[in-house]
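Trainee: Got a structure here, written out as structure tokens. Questions coming.
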Amino acid sequence: MRAGIELNERHRKVLKATVKHYIATAEPVGSNTLRREYDFPLSSATIRNALGKLEKAGFLYQPHTSAGRIPSDSGYRVYVDEILHNREKRIPFPLHSLLDAITLPFAGKYEILFQKITKILSEISGCMALITFPQVTGGIIQHLQLVRVANDRIMLVMVIDSYQTESFVLSTQELIASIREKLTPEMLDRQLEILSNFLNHKFRGKSLREIHQLDSSQLDADFRDYATFINNILAKIKSSYRLPSHTPIMLQGVSQLVKQPEFSQIEQVQVLLNFLEEEQEQLLPLIFNLQEDSRTDEVKVHIGSENPLESMQSCSVVSAYYCQNNAPVGSVALIGPTRMPYEKTIALVESTAKYLSEKL
């Protein structure tokens, strides 16, 4: 939504009806159609006035002067945000029994399994479906210990569940600057013991991948003075673990996508096919990017021009993470025109991600 633009209830209802009608028909929408098909207790003139204000605000546009209105990317965003924010009203798509029928014969065979699931998702949604293969979650932290090794140096020792040991050197001054006190060696050792106990309480049992999601601003009140020092510890741990540079993606349903009227021009299809053939790896940061995604438990929707990839700006991407041991290891996504049925695609993606998390 554009900054400074507030929609009243009438505008929201007219916008929602316009988006829903356009998604269903791919035809520009006029005031008479809205009044007739959506039972608005308003005159056509009042609806027409609301449509004009929505167009002026950038939520709708006219493909030509004599036509009705079409939602813009901003209009779709208002509509999608309402779906995402009303989580309790979303109806889960009943996929479990359908997916159970195909997963049992292929347990552990990810390539065959994901091929079957993406095919089903594509056929049900009319979109292109993607699933990234699960990534190793990284070692589980078993123990963290801070040890003074010199007057100006502290060592962080980290033991993970494979019994691999990592060690990192920190400056004593970083700790002293955090608490702004002069410390004798004995006092410093005591502080390191207290901090070691705190770090183990917070981080033991977490995977190295989960560390990427930790937020030091949520530290216990008693340890907020140590935030800068603990941030440096987290930075050291994060630097020891890098996400793999290549993640295989299972993709199905290009033919479903190009059937949509938005891709009736051969040039549009060509741009999309060239992208999928030559630049498919660029999709990964869009649907699987743990370093930048502050929340991994929510469905993400990139609409049209919100996509950083120019070749994808005629499309919307709906994606969600699936987890293993509560850590995100892969992503499920649907790609379609901006005129995709968002309620359905969001429910499909959310249900599939939940299903894979339960099975893994």
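Computed from the coordinates by the stated procedures, all read-outs in this text should not be read as laboratory data. Here the structure is a predicted model, which means the values were calculated and not measured. Methodologically, a virtual Cβ is constructed for each residue, glycine included, from the backbone with ideal geometry; neighbour enumeration extends over all protein chains shown.
Trainee: Testing the spin-label approximation: label points 7 Å from Cα along Cα→Cβ at residue 194 and residue 278. State their distance in nm.
Mentor: Label at residue 194, label at residue 278, 6.1 nm between them.
Trainee: Which of the listed residues, 135, 47, 312, is farthest toward the dipole's positive end in the chain, when Lys, Arg count +1 and Asp, Glu count -1 at the beta-carbon?
Mentor: Highest projection toward the positive end goes to 47.
Trainee: Set the Förster radius R0 to 25 Å, insert the Cβ-Cβ distance between residue 55 and residue 6 as r into 1/(1 + (r/R0)^6), and round the FRET efficiency to 0.05. The partial results should precede the final answer.
Mentor: Details: r = 16 Å, r/R0 = 0.65.
That pair, residue 55 with residue 6, gives E of 0.95.
Trainee: Search the structure for amide H atoms under 5 Å from the amide H of residue 329, placed 1.01 Å from N in the peptide plane, and list their residues when 5 or more places away or on another chain.
Mentor: Counting only residues 5 or more places away or on other chains, the set is 322, 323, 324.
Trainee: With a cut-off of 8 Å between alpha carbons and a minimum separation of six or more residues, what is the relative contact order of the stretch 9-83 in percent?
Mentor: The normalised contact order for the stretch 9-83 reaches 34 percent.
Trainee: Going by alpha carbons, how many degrees (0 to 90, nearest 10) lie between the helix axis of 110-125 and the longest principal axis of the chain?
Mentor: Tilt relative to the chain: about 30 degrees.
Trainee: Separate question: List every residue whose amide H lies under 5 Å from the amide H of residue 160, counting only residues 5 or more places away in sequence or on a different chain, with H placed 1.01 Å from N in the peptide plane.
Mentor: 142, 166
Trainee: Could you work out the relative contact order of the chain, using alpha carbon pairs under 8 angstrom and six or more residues apart, expressed as a whole percent?
Mentor: 18 percent
Trainee: Projecting each Cα onto the charge dipole of the chain (Lys/Arg +1, Asp/Glu -1 at the beta carbon, about the Cα centre), which of 333, 285, 274 comes out farthest on the positive side?
Mentor: Checking the options against the dipole of the chain, the answer is 333.
Trainee: How much length would be gained if the chain were fully extended between residue 269 and residue 359, taking 0.36 nm per residue of separation minus their Cα-Cα distance, in nm to one decimal?
Mentor: Full extension of this stretch gives 28.8 nm more.
Trainee: Given a Förster distance of 51 angstrom, what is the FRET efficiency for residue 27 paired with residue 326, based on the Cβ-Cβ distance and rounded to 0.05?
Mentor: About 0.65, to the nearest 0.05.
Trainee: Right, something else. If r is the Cβ-Cβ distance from residue 16 to residue 66 and R0 is 30 Å, what FRET efficiency results, to the nearest 0.05?
Mentor: 0.80
Trainee: Once you place label points 7 Å from the Cα toward the Cβ at residue 236 and residue 186, how far apart are they in nm?
Mentor: Going by the 7 Å Cα→Cβ label model, 2.6 nm.
Trainee: Measure nothing fancy, just the Cα-based angle from helix 9-25's long axis to the longest principal axis of the chain, in degrees from 0 to 90, nearest 10.
Mentor: Computed tilt is about 70 degrees.
Trainee: Now, a different point. Need the list of lysines near residue 116 for cross-linking: C-alpha distance under 20 angstrom, and skip anything on the same chain fewer than eight residues off.
Mentor: Once the sequence-local lysines are set aside, what remains near residue 116 is 344, 354, 359.
Trainee: Also, I was wondering about something else. Please state the charge dipole magnitude for the chain, taken about the Cα centre, from unit charges on C-beta atoms (+1 on K and R, -1 on D and E), reported in debye and rounded to the nearest 20.
Mentor: 920 debye
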